[in-house]
Amino acid sequence: MIFNREMETLPREDMEALQLKRLQQSVRHVYENVPFYREKFAEKGLTPEDIQSLDDLKKLPFTVKKDLRNNYPFGLFAVDQSKVVRLHASSGTSGKPTVVGYTRNDIDNWAEIVARAIAAAGGKPGEVLHNAYGYGLFTGGLGLHYGSEKLGMATVPVSGGNTERQIMLIEDFKPTVICGTPSYILNIVETMEKMGKNPQESSLKYGIFGAEPWSMEMRHELENRLGIKAVDIYGLSEVIGPGVAIECAEAQDGLHIQEDHFLVEVIDPETLENVPDGVEGELVFTSLTKEAMPVIRYRTGDVASITHEPCVCGRTTVRMSRVKGRIDDMLIIRGINVFPSEIENVLLQIEELEPHYQLVLTRKGPLDDVQLNVEIDRDVFYALSGDLNHDKIKTIARDIKRQLKNQCFIAIEVNILAPGAIPRSEGKAVRIIDKRKAASV
Ligand code: DLL
């Protein structure tokens, strides 16, 4: 067998026994090899012997992104540098990036994790996979690449950008699976349509989309326009990269966490206490098999919930809900909390709009102000002879405001722009333009 399906269907007791054994090994590994962890454990009076059950995980300190930055570049590595065969880094908006390292075993495990994920999403050995995630320091491109090869798929390492060429390759190589950020895939679909092609006639059957939040409405949009089944893949560099969790094509209802490699918790970000199944909070992961850079209770900043309910696909692993967004990206509009993905879900239900939007944050006196930029549908735009002051435009803007009020309980200003006015994504979409800092200088 190419990959270990058995691990996805283990009875709970067996999974938990395996997790405990691996947790104890990981804790010992960091305690013995990473001064940062040894010091943090010492502050709490802990040694690896204190981890006798999975519940003891709660005794361990959290790790946050700042810890990675403070130990830049290799301070959290738990193996000698001669054992490290790959480095990745996430860009980071300011200052130094966060760096992660992998041993050969880590790369092999990661490939297996992603191979499983692609198989769960519908990929099959012998078929072609078009990989439009960016190759480079970002984990998306190479992460999907190694998994796809491991599964036995002919992998097209096309990366992001050069969209017309991608479309030619899709026509000629006839992939069944396409991978990329949902926003970039939308860009590909739109470009196909502009070129007079019918995306539904392509060979594609499955999409594996992630690396950014996307709403259910965006899923419907991509599935309908491309004639595929689209599943959500989740991961982050600090924990390994893509493949930490994946939706199955059967249910498309929550992402199966690859629990033999990652232990999940959901915490209340204020109290830092664990919350029960079904309650939203911040995802926290502990790696169970990583050698080069294990993480203990890594706070992801991502908002989701988990469930132990069985899934129709037969996998027994815990599932997480789709990620609503990062805590940092949550907008507070006159006391109401809202994530851009929730706004997206409303916008995509409105027929007269293109599925592109941006939120612009500014400061008005002491208060934050949010404006929503959206694009009018191409056909509507031409029917109105491109007149954005037309009464019909004002009616549409009012409708958007009403829907946002009804469904997200927020009141914000809406600017309707011409088709194509919002920059298209070739990787992770920029949904929030934050002008507040610039304004206060
Ligand atoms: O985005 C890894 C990845 C690549 C995942 C390809 C899926 C596909 P980073 O660049 O470190 O790694 O960014 C990780 O992206 O903490 C989330 O905030 C966000 N994210 C990743 N997947 C999803 C998803 C990769 N499916 C950060 N839904 C994470 C929502 C996601 N957000």
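Within the range 299-318, does at least one residue satisfy the condition of being surrounded by fewer than 20 Cβ atoms within 10 Å (Cβ to Cβ), touching a Gly at 6+ places or on another chain (Cβ under 7 Å) and within 30 Å of Val370 (Cβ to Cβ)? Checking the range 299-318: at least one residue is surrounded by fewer than 20 Cβ atoms within 10 Å (Cβ to Cβ), touching a Gly at 6+ places or on another chain (Cβ under 7 Å) and within 30 Å of Val370 (Cβ to Cβ).
If you check Arg69, Arg86 for being part of a helix (DSSP H, G or I) and either surrounded by fewer than 21 Cβ atoms within 10 Å (Cβ to Cβ) or of a type in the set (Ser, Thr, Tyr) (or both), only one passes: Arg69.
Scanning the range 163-186 for residues that are within 25 Å of the chain's Cα centre (by Cα) and either without any contact (Cβ under 8 Å) to a residue 24 or more places away in the chain or within 16 Å of the ligand (Cβ to nearest atom) (or both) returns Val177, Ile178, Cys179, Gly180, Thr181, Pro182, Ser183, Tyr184, Ile185, Leu186.
Among residues of the range 7-27 that are outside the structural domain of Val264 (by TED's automatic domain parsing) and closer than 17 Å to Ser287 by Cβ, none has a beta-carbon under 8 Å from a residue that is surrounded by 15 or more Cβ atoms within 10 Å (Cβ to Cβ) and modelled with pLDDT of 95 or more at least six positions away or on a different chain.
Just to be sure before I move on: is Ala89 away from the ligand (no atom under 12 Å from the Cβ) and not hydroxyl-bearing (Ser, Thr, Tyr) in the structure I sent? Here the answer is no, as Ala89 does not meet what is asked. Within the range 290-322, being away from the ligand (no atom under 14 Å from the Cβ) and either touching a strand residue (DSSP E or B) at 6+ places or on another chain (Cβ under 6 Å) or under 30 Å from Val85 (Cα atoms) (or both) holds for Lys290, Glu291, Ala292, Pro294, Ile296, Arg297, Ile306, Thr307, Arg315, Thr317, Val318. Does the range 192-204 contain at least one residue that is closer than 30 Å to Gly101 by Cα, modelled with pLDDT of 95 or more and either in contact with a helix residue (DSSP H, G or I) (Cβ under 8 Å, 6 or more places away or on another chain) or among the small types (Gly, Ala, Ser) (or both)? Taking every residue of the range 192-204 in turn, none turns out to be closer than 30 Å to Gly101 by Cα, modelled with pLDDT of 95 or more and either in contact with a helix residue (DSSP H, G or I) (Cβ under 8 Å, 6 or more places away or on another chain) or among the small types (Gly, Ala, Ser) (or both).
Looking across the range 193-211 at every residue that is assigned to a loop (DSSP other than H, G, I, E, B) and buried (at least 20 other Cβ atoms within 10 Å of the Cβ), the one that is nearest to the ligand (Cβ to nearest atom) is identified as Ala211.
Scanning the range 113-132 for residues that are buried (at least 21 other Cβ atoms within 10 Å of the Cβ) and either of a type in the set (Lys, Arg) or closer than 23 Å to Ser26 by Cα (or both) returns Ile113, Val114, Arg116.
Would it be correct to say that Arg219 is modelled with pLDDT of 95 or more, within 16 Å of the ligand (Cβ to nearest atom) and among the basic types (Lys, Arg)? Yes: the conditions hold for Arg219. Pick from the range 228-254 the residues that are in contact with a Cys (Cβ under 9 Å, 6 or more places away or on another chain) and within 7 Å of the ligand (Cβ to nearest atom): which of them is nearest to Asn105 (Cα to Cα)? Here the answer is Pro242.
Counted as qualifying within the range 228-293 are the strands (runs of 3 or more DSSP E) with 3 or more residues that are of a type outside the set (Val, Ile, Thr) and touching a residue at least 60 places away in the same chain (Cβ under 8 Å), namely 229-236, 241-247.
Quick grid of which residues meet (1) among the polar types (S, T, N, Q); (2) within 30 Å of Phe77 (Cα to Cα):
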{"position": "Val189", "(1), (2)": "no, no"}
{"position": "Ala211", "(1), (2)": "no, yes"}
{"position": "Glu217", "(1), (2)": "no, no"}
{"position": "Glu221", "(1), (2)": "no, no"}
{"position": "Asn224", "(1), (2)": "yes, no"}
{"position": "Lys229", "(1), (2)": "no, no"}
{"position": "Tyr234", "(1), (2)": "no, yes"}
{"position": "Ser237", "(1), (2)": "yes, yes"}
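The values are calculated or read from the model by the stated rules, or taken from the named source; none is laboratory data. It should be emphasised that the depicted structure is a prediction, and the values quoted were computed from it without experimental measurement. Cβ: placed from backbone, ideal geometry, glycine included. Neighbour counts: every protein chain shown.
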